[in-house]
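Engineer: One structure coming up, written as C-alpha cells, with questions to follow.
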Amino acid sequence: MNELKIRQYQDIDCDVISKMFGDFIVYLATIDPINRIINKQSGYGENYLKKTLKDVKNRKGIFLIAEMKNTIVGFGVAIFATLSKDELMEVVPHTPGRVTELFVDNQYRGMGIGTKIMDQLEIYLKQNGCNSINIEVFAPNNKTHDLYKKLDYVDRNVDMIKVF
C-alpha cells in the first residue's frame, strides 16, 4: 500500500474518471434488485463528471484521486452542504459536509483504498469547519455500507421504494 498516492483531481484525469463514473453506474445497476438504474446512457460518465466538477467548484469541495504506480484506482468527492430553513426547524444547527462520491476500481477493492480516500475527505471537511459528514449508500451495496459503518458512520435516514 506504500505505492498508494492520494492527490487532487486534474483535468488530465478526465477520460479515466469519466470511464470510472460509467463503470460505477453499471456496477450499481448490476446490484439493483428492482432494476431501476439505467446503465446504458450514452455519455453518462462525461456528463456526471461535469456535474461533479461544478458541484466541487460551487460548494467549495474537494475531488481526490487514488493512484497506484501511476494508475488511477479510485476517487472520492466531498462538498460543503447547507441546511435549509426547514431543516433548521428540525435539527441542531451545525456545519455539515457531504461525501458525494466514493469509487474504487473493482480489481483494487478490499485493499484499504476506500478507507484512505475517506480519511483524506474527512480531514479536508473537518479542517474547513464541518462538524458532521453525511454520505449516501445504495442499500444493496452491502460492502460499501459495511465500510462506512467500520469508519463510524451510522444509519440516519432510510429511503424506501415500492414499485408498481
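Engineer: Looking at (1) out of contact with any strand residue (DSSP E or B) (no Cβ under 8 Å at 6 or more places or on another chain); (2) surrounded by 16 or more Cβ atoms within 10 Å (Cβ to Cβ), which is the only condition Ile31 fails?
Structural biologist: Evaluating Ile31 over (1) out of contact with any strand residue (DSSP E or B) (no Cβ under 8 Å at 6 or more places or on another chain); (2) surrounded by 16 or more Cβ atoms within 10 Å (Cβ to Cβ) leaves (2) as the failure.
Engineer: Quick check on segment 40-54: of everything there that is within 30 Å of Thr95 (Cβ to Cβ) and in contact with a helix residue (DSSP H, G or I) (Cβ under 6 Å, 6 or more places away or on another chain), which residue is surrounded by the fewest Cβ atoms within 10 Å (Cβ to Cβ)?
Structural biologist: Checking each candidate, the answer is Tyr48.
Engineer: Still on this structure: Among the candidates Asn142, Asn70, which residue alone is farther than 22 Å from Ile6 by Cβ and not small (Gly, Ala, Ser)?
Structural biologist: Criteria check complete, one pass: Asn142.
Engineer: So Thr115 passes all but one of these: (1) surrounded by 12 or more Cβ atoms within 10 Å (Cβ to Cβ); (2) free of Cβ contacts under 8 Å to residues at least 12 places away in the same chain; (3) part of a helix (DSSP H, G or I). Which condition number does it fail?
Structural biologist: Every condition holds for Thr115 apart from (2).
Engineer: Can you tell me which of Leu102, Leu125 is surrounded by 13 or more Cβ atoms within 10 Å (Cβ to Cβ), touching a residue at least 24 places away in the same chain (Cβ under 8 Å) and part of a helix (DSSP H, G or I)?
Structural biologist: None of the others qualify; the one that does is Leu125.
Engineer: Okay, next question. Go through segment 66-84 and report how many residues are under 25 Å from Thr95 (Cα atoms) and β-branched (Val, Ile, Thr).
Structural biologist: 3
Engineer: Let me confirm something: among Ile12, Ile37, Ile6, which residue is in a loop (DSSP other than H, G, I, E, B) and either surrounded by 13 or more Cβ atoms within 10 Å (Cβ to Cβ) or at pLDDT 95 or above (or both)?
Structural biologist: When all the criteria are applied, what remains is Ile37.
Engineer: Looking only at segment 67-99, which residues are part of a strand (DSSP E or B), closer than 23 Å to Val137 by Cα and of a type outside the set (Gly, Ala, Ser)?
Structural biologist: Within segment 67-99, Ile72, Val73, Phe75, Val77, Ile79, Phe80, Pro96, Arg98, Val99 meet the criteria.
Engineer: Among all residue pairs at least 6 apart or on different chains, which show Cβ distances below 6 Å where the first residue, located in segment 55-75, is surrounded by 12 or more Cβ atoms within 10 Å (Cβ to Cβ) and the second is polar (S, T, N, Q)?
Structural biologist: Pairs found: Leu64/Gln120.
Engineer: Just checking, how many residues over segment 22-52 are touching a residue at least 40 places away in the same chain (Cβ under 8 Å) and within 24 Å of Leu64 (Cα to Cα)?
Structural biologist: Going through segment 22-52 one residue at a time, the tally reaches 5.
Engineer: Glu90: under 24 Å from Ser132 (Cβ atoms), of a type in the set (D, E, K, R) and at pLDDT below 95, yes or no?
Structural biologist: The answer is yes for Glu90.
Engineer: Please enumerate the residues belonging to segment 137-156 that are loosely packed, with under 14 Cβ neighbours inside 10 Å and either in a helix (DSSP H, G or I) or touching a strand residue (DSSP E or B) at 6+ places or on another chain (Cβ under 9 Å) (or both).
Structural biologist: Answer for segment 137-156, where residues must be loosely packed, with under 14 Cβ neighbours inside 10 Å and either in a helix (DSSP H, G or I) or touching a strand residue (DSSP E or B) at 6+ places or on another chain (Cβ under 9 Å) (or both): Asn142, Lys143, Asp146, Lys149, Lys150, Arg156.
Engineer: Conditions first: (1) modelled with pLDDT under 95; (2) within 21 Å of Asp23 (Cα to Cα); (3) not β-branched (Val, Ile, Thr); (4) not in a loop (DSSP other than H, G, I, E, B). Asn134 passes all but one, so which condition is the exception?
Structural biologist: Here Asn134 meets the rest and fails (2).
The values are calculated or read from the model by the stated rules, or taken from the named source; none is laboratory data. It should be emphasised that the depicted structure is a prediction, and the values quoted were computed from it without experimental measurement. Note that we place each Cβ from the backbone using ideal geometry, even for glycine, and neighbour counts take in every protein chain shown.
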